[in-house]
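The values are calculated or read from the model by the stated rules, or taken from the named source; none is laboratory data. Everything numeric here is computed off the predicted structure, so don't read it as measured data. Here the Cβ is made from the backbone with ideal geometry for all residues, glycine too, and neighbour counts use every protein chain on show. The protein model used for the area step is the full one, side chains on, heavy atoms only, and it has no ligands, DNA or RNA in it. Shrake-Rupley method; radii C 1.70, N 1.55, O 1.52, S 1.80 Å.
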Amino acid sequence: MADNQANLLQNEAAVTTVEAAEGFFRRLLNKNETVQEVVNWGRRWSFFQYPFVTACCGMEYMATAGPRYDYARFGAELPRFSPRQADLLMVVGTITHKQAPILRTVYEQMAEPKWVISFGVCASSGGFYRNYATVQGIDTIIPVDVYIPGCPPRPEAVLDAIMMLQDKVKQERRALLPVVK
Amino acid sequence: MSKEALERFTGHFKAQVIATHSDHGDDTAVVKRDRLVDMVTFLRDDPALAFELLSDVTAVDYLGVKEPRFEVVYHFYSVSKNHRLRIKVPLEEREPSLPSVVSLYKSALWMEREAFDLYGIVFEGHPDLRRILMYEEFEGHPLRKDYEMEHRQPRIPPRPGQSHL
Ligand code: SF4
């Protein structure tokens, strides 16, 4: 065995990745995997998020993005600051009635397929802000895929939510090409 | 902290001052609304007081607690003398208005707009008295005690099957 190959095998992470990729392509060749599954595999390992950050939860969002927790491990590497380039809308923080039209516009500007994570109790239910100003959960204005409880949620909860969303995308059966109605 | 400042102020405006106290070390004068601009000018320009900073303007709604219903509260701070003074102006419910002090302190610009937005206090002579936190279409003043607790004024309707309450 060549030296560089041996080095590669000593590196555990590299072995896992190589093996995973090998298994994946072998199954592909055996036609055990449908096209839909392959597409779902690609989608769930390359979330491009749009962080709609309005309040204190943003701190925990940044912690999750940072090197200690690092959601890049789940392929959700790059936040995009244009909704046109994103497929995962992360609503992080309190949404007021004043902002509600903006949030809905951002959601509508995102191209299909798209998913929404509601980050923290404020976004999920209004939290303790039961008052004239606050939207009582963003699901009253846009559809939500995964809710994260906590005020703010710990980074582990955020990673759990990303994994739950990955599971959800794995089950999905939706048109592979945009359907023009 | 600065009984002298309070005494100097009340000595100059005896006819205007309704009451004074220094609860918790916060020197406070309750004053009548008329001649407010004169009083604030004195606070700013008198060399012994020298209140260069108007650090807060806000309001309180005492509905069902005491009369008159509203009180507008000013907090002054002197950077050079390191002392503070609080001025309260009681206002009747039927006419919640008083002169603006924007011409004396620029910082009053947004703080008076906030008190107008949330309590409906009208500051006469304010150059731009618009809502600052709530949206233009919003009706009423949400921090008034008689604003319905469950009253919502959404800008967009909820999704089908959902409610904004
Ligand atoms: S859930 Fe808590 S931490 Fe998050 S935005 Fe609301 S108040 Fe802030």
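Summary table below
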{"read-out": "B:ASP146 paired with B:VAL73, simple spin-label distance in nm, labels 7 Å along Cα-to-beta-carbon", "value": "2.3"}
{"read-out": "Accessible area buried between chains A and B, both sides summed, probe 1.4 Å, in Å² to nearest 100", "value": "1600"}
{"read-out": "Rounded accessible area per residue of chain B, 1.4 Å, Å²", "value": "54"}
{"read-out": "Point-to-point label distance, A:SER46-B:VAL122, nm (Cα→Cβ direction, 7 Å offset)", "value": "6.2"}
{"read-out": "Burial order of peptide ranges A:61-69, A:40-48, B:97-105, B:128-136 (average beta-carbon count within 10 Å, highest first)", "value": "B:97-105, A:40-48, A:61-69, B:128-136"}
{"read-out": "Largest-first principal axis extents, alpha carbons of the range B:1-129, Å", "value": "36, 31, 25"}
{"read-out": "The range B:2-100, dipole about Cα centre (Lys/Arg Cβ +1, Asp/Glu Cβ -1), debye to the nearest 20", "value": "140"}
{"read-out": "Contour minus Cα-Cα distance for B:ARG159 and B:LEU133 (0.36 nm per residue)", "value": "6.8 nm"}
{"read-out": "Using alpha-carbon coordinates, inclination of helix B:3-12 to the longest axis of chain B, degrees", "value": "90"}
{"read-out": "Pairwise label distance in nanometres, A:LEU78 with A:GLN36, each label 7 Å out on the Cα-Cβ vector", "value": "2.9"}
{"read-out": "222 nm mean residue ellipticity, helices alone, for chain B (DSSP H n ≥ 4; -39,500 (n - 2.57); rounded to 500)", "value": "-6000 deg cm²/dmol"}
{"read-out": "Chain B: angle of helix B:108-119 to the longest principal axis, Cα-based, in degrees nearest 10", "value": "50"}
{"read-out": "Gaussian network model of chain B, springs between alpha carbon atoms under 10 Å - residue of B:ILE18, B:ILE121, B:ILE87 with greatest fluctuation", "value": "B:ILE18"}
{"read-out": "Gained length - B:ASP46 relative to B:ALA19, 0.36 nm times residue gap less alpha-carbon distance", "value": "7.6 nm"}
{"read-out": "Beta bridges per DSSP with both ends in the protein assembly as shown, % antiparallel, nearest 5", "value": "50"}
{"read-out": "Burial of 40 Å² or greater, the range B:137-165 residues [accessible area, probe 1.4 Å, versus chain by itself]", "value": "B:ARG152, B:ARG155, B:ILE156, B:ARG159, B:HIS164"}
{"read-out": "Nearby lysines by direct alpha-carbon distance to A:LYS170 (threshold 16 angstrom, same-chain neighbours under 8 apart not counted)", "value": "A:LYS114"}
{"read-out": "B:LEU104/A:ARG130 FRET efficiency (R0 45 Å; Cβ-Cβ; nearest 0.05)", "value": "0.70"}
{"read-out": "Carbon/sulfur fraction of accessible area - chain B, other protein chains in place, 1.4 Å, %", "value": "53"}
